[in-house]
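Enquirer: My questions all concern the structure below.
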Amino acid sequence: MSIDADNTLEPVRYAVDGAVATITLNRPDAMNALDVPTKEALLAALRSASADDGVRAVVLTGSGRAFCVGQDLKEHVQKLTSGEPPLSTVRDHYNPITLAIAEMPKPTIAALNGVAAGAGAAFAFACDLRIAAETASFTLAFAQIGLSADSGASWTLPRLVGTAKAIELLYNPQKIGVREASSLGLISEIVPADRLAEHVATLAARLAAGPTVSYAALKASVNFGASHSLAETLEFEDAMQTRCGATADHREAVDAFLAKRAADFRGK
Ligand code: T3D
């Protein structure tokens, strides 16, 4: 755990190892619930990872037994009581955080070490890949506290599981264990809890050594195609292919293929 000069726990840790940035929600005693300082620190970390060309893959995880239990309801009730507008945090924090994850121009991995609830689950859904420890679970907690979906859950969840299943899961905010989550397509892999960090580090390092511009274009194309016509998507694909075709990585990969050697991608 990292302690700052005031001897308090930093709510988010940001560490870069090689070309992999790891962002760790770091309020273990609060199950990484999202209060304002945590949301601000998370957004800053995501923006750092996005802007740093040396970072070519991003891991989002939690410390302690939870991934993230969503909005800090202890902070939230204080705002409700004081008459402050608590729901402004959707516009002020949840929306920019979700866009920063979903539009990250490099691969993103949610390393699910424990429960992901509410906005915490939605942040995981916004990542490209979700790797779960056996101890992980999801709870779509929004209706449990009389709220609607936020942090993109109404956009990402139907794309992951289909519209009917998304409504069913949102109406029934019960624990979804890793086996059910896997069969629904919410997670791509389940690993033993004590191997999660190592497994995700290996995957992230592999992605960070890949064709970063190609990965960003693939993500943008798939997301574009999900809400546009075929004709519009073909235009978008053309633009993305033109961009990728001009990269040094593309040239390197073609040369490597013809020379029957492995490509050495630089992310440019
Ligand atoms: O304006 C806005 O804020 C709108 C934005 C909304 C975005 C959202 O994220 S809405 C969804 C908010 N999250 C929830 O409703 C989840 C609430 N928590 C739970 O349902 C359960 O705690 C869990 C399923 C996540 C975990 O269950 P379990 O049995 O493993 O743990 P527990 O015993 O329920 O909780 C352990 C402690 O964590 C407990 O504190 P205590 O009693 O030991 O002092 C509990 O109060 C605390 N905790 C859990 N979730 C939250 C939380 N404290 C604050 N905020 C939480 N979200």
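The values are calculated or read from the model by the stated rules, or taken from the named source; none is laboratory data. Note that the structure is a prediction, hence the values are computed from the model and not measured. Please note: Cβ atoms are built from the backbone with ideal geometry, for glycine as well, and neighbour counts cover all protein chains shown. All accessible areas refer to the heavy atoms of the entire protein, side chains included, with ligands and DNA or RNA removed. Shrake-Rupley method; radii C 1.70, N 1.55, O 1.52, S 1.80 Å.
Enquirer: Return the total of residues in the stretch 83-121 being modelled with pLDDT under 95, more than 24 Å from L169 (Cα to Cα) and open to solvent by 30 Å² or more (accessible area, probe 1.4 Å).
Expert: Number satisfying all stated conditions: 4.
Enquirer: Going through the stretch 13-26 one residue at a time, which ones are away from the ligand (no atom under 16 Å from the Cβ), under 15 Å from the mean Cα position of the chain (by Cα) and open to solvent by less than 60 Å² (accessible area, probe 1.4 Å)?
Expert: Within the stretch 13-26, V20, A21, T22, I23, T24 meet the criteria.
Enquirer: Hey, another quick one. What number of residues in the stretch 103-140 are within 16 Å of the ligand (Cβ to nearest atom) and among the acidic types (D, E)?
Expert: Total meeting the criteria: 1.
Enquirer: Right, something else. Counting only residues that are more than 13 Å from the chain's Cα centre (by Cα), under 25 Å from T22 (Cβ atoms) and near the ligand (Cβ under 10 Å from one of its atoms), how many does the stretch 56-88 have? Show your work before the answer.
Expert: Residues of the stretch 56-88 more than 13 Å from the chain's Cα centre (by Cα): 56, 63-66, 69-88.
Filter again for under 25 Å from T22 (Cβ atoms), leaving 56, 63-66, 69-72.
Those still in the list that are near the ligand (Cβ under 10 Å from one of its atoms) too: 65-66, 69-72.
Selection size over the stretch 56-88: 6.
Enquirer: If you don't mind, there's one more thing I want to ask. Give the stretch 27-43 a look and list any residue that's crowded, with 23+ Cβ neighbours inside 10 Å and more than 10 Å from the ligand (Cβ to nearest atom), or say none.
Expert: Keep residues of the stretch 27-43 that are crowded, with 23+ Cβ neighbours inside 10 Å, which gives 27, 32-34, 42.
Matches in the stretch 27-43: L42 only.
Enquirer: With the condition kept exactly as written, say whether any residue in the stretch 210-220 is at pLDDT below 95, at negative phi, not in a helix (DSSP H, G or I) and not hydrophobic (A, V, I, L, M, F, W, C). Break it down into steps so the answer makes sense when it comes.
Expert: Applying the first criterion (at pLDDT below 95) to the stretch 210-220 yields none.
Within the stretch 210-220, not a single residue is at pLDDT below 95, at negative phi, not in a helix (DSSP H, G or I) and not hydrophobic (A, V, I, L, M, F, W, C).
Enquirer: On to the next question. Being surrounded by 11 or more Cβ atoms within 10 Å (Cβ to Cβ) and not small (G, A, S) is the filter here, so list the residues in the stretch 240-263 that pass it.
Expert: Of everything in the stretch 240-263, those that are surrounded by 11 or more Cβ atoms within 10 Å (Cβ to Cβ) and not small (G, A, S) turn out to be M240, Q241, R243, C244, T247, D249, H250, R251, E252, V254, D255, F257.
Enquirer: Among the residues of the stretch 186-196, which ones are assigned to a helix (DSSP H, G or I) and crowded, with 16+ Cβ neighbours inside 10 Å? Give the derivation first.
Expert: Within the stretch 186-196, the subset assigned to a helix (DSSP H, G or I) is 193-196.
If the condition is that a residue be assigned to a helix (DSSP H, G or I) and crowded, with 16+ Cβ neighbours inside 10 Å, then L196 is the only one that fits.
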